[in-house]
1. With a sphere of radius 11 Å drawn around the Cβ of Phe59, what net charge do the other residues whose Cβ falls strictly inside it have (Lys, Arg +1; Asp, Glu -1)?
2. Determine, for the chain, the count of lysine pairs separated by eight or more sequence positions (or lying on different chains) whose alpha-carbon distance falls under 30 Å.
3. Which trypsin sites (Lys or Arg not before Pro) in segment 33-108 pass both tests, a DSSP loop state and at most 14 other beta-carbon atoms within 10 Å?
4. Can you list the HN-Hα couplings for segment 21-38, worked out from phi with the Karplus curve (6.51, -1.76, 1.60; θ = phi - 60°), rounded to whole Hz and with x for Gly and Pro?
5. Might you report the magnitude of the Cβ-based charge dipole of the chain about its Cα centre, with Lys and Arg at +1 and Asp and Glu at -1, to the nearest 20 debye?
6. Counting other C-beta atoms within 10 Å, and keeping those with at most 15, which DSSP coil chymotrypsin sites (Phe, Trp or Tyr not before Pro) do you find in segment 57-104?
7. Which listed residue (Val74, Gly38, Gly142) has the Cα farthest towards the positive end of the charge dipole for the chain, taking +1 on Lys and Arg C-beta and -1 on Asp and Glu C-beta about the Cα centre?
8. Fewest to most neighbouring Cβ within 10 Å: what's the order for Glu13, Glu116?
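Please treat every number below as a calculation from the coordinates, not as lab data. Quick caveat, the model's predicted, so the values are computed rather than measured. Heads up, the Cβs are rebuilt from the backbone with ideal geometry, glycines too, and the neighbour counts pull from every protein chain shown.
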Amino acid sequence: MTHAETYMTQVQEIARTIDGDKIEQMVAELADLRGRGGRLFILGVGGSAANASHAVNDFRKLCGIEAYAPTDNVSELSARTNDEGWETVFAGWLEISKLNADDTVFVMSVGGGNAEKNVSVNLMRALDAAKAAKAKIIGIVGRDGGYAASVGDIVAIVPTVDPALVTPHTEAFQAVVWHCLVSHPDLQRTATKW
């Protein structure tokens with residue numbers, strides 16, 4: 001098979017095996033979040049940061065959920081990185097936003113954070129802040145889900161079908177899952193243009 005054929009076959013396998021119950025649980029949490037007037041903070045690094053930005057638009061525009069991504073403000077992000085360090089940029093942002101028990105933190109990450117490997121420690125600190133504030137934690141992650149899966153309330157893990165392609169598959173399925181969420185009849189309030 002060509003790479004394209006192999007990749008698309010793997011996409012089919014992931015779509016068939018991802019935990020749909022977790023996605024429906026996320027829908028219920030997001031509907032509750034909107035009902036209680038809470039805010040949705042979407043966190044991601046690298047490609048997942050781009051996904052977070054796009055998802056913020058969709059949750060706000062299509063679902064009427066107040067949503068934010070700290071990475072959308074590059075001035076604050078880079079100032080915090082420069083002055084306080086990369087590990088705490090999200091936690092500091094959430095503190096200023098007065099994160100509370102009415103809010104939900106949504107993590108998009110390939111690995112979910114791993115202190116031993118010093119990867120996505122900024123996400124881990126943000127999740128610690130979310131736990132301290134008693135905010136809900138949901139997420140879409142890859143591999144074994146890392147720290148996000150261990151502390152999150154509802155975390156969908158994108159099945160690893162090829163370890164060499166875990167990053168592109170996970171980041172692609174973040175988009176698949178969040179589009180499933182924003183088009184869900186229990187969440188979507190505004191129709192898409194097309």
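1. +3
2. For the chain, the number of qualifying lysine pairs is 19.
3. Arg36, Lys98
4. Ordered by residue, 3J(HN,Hα) equals 5, 4, 5, 5, 5, 4, 4, 4, 5, 5, 5, 4, 4, 4, x, 8, x, x Hz.
5. That gives a dipole near 420 debye.
6. The qualifying sites: there are none.
7. Most positive-ward Cα: Gly38.
8. Going from least to most buried by this count: Glu116, Glu13.
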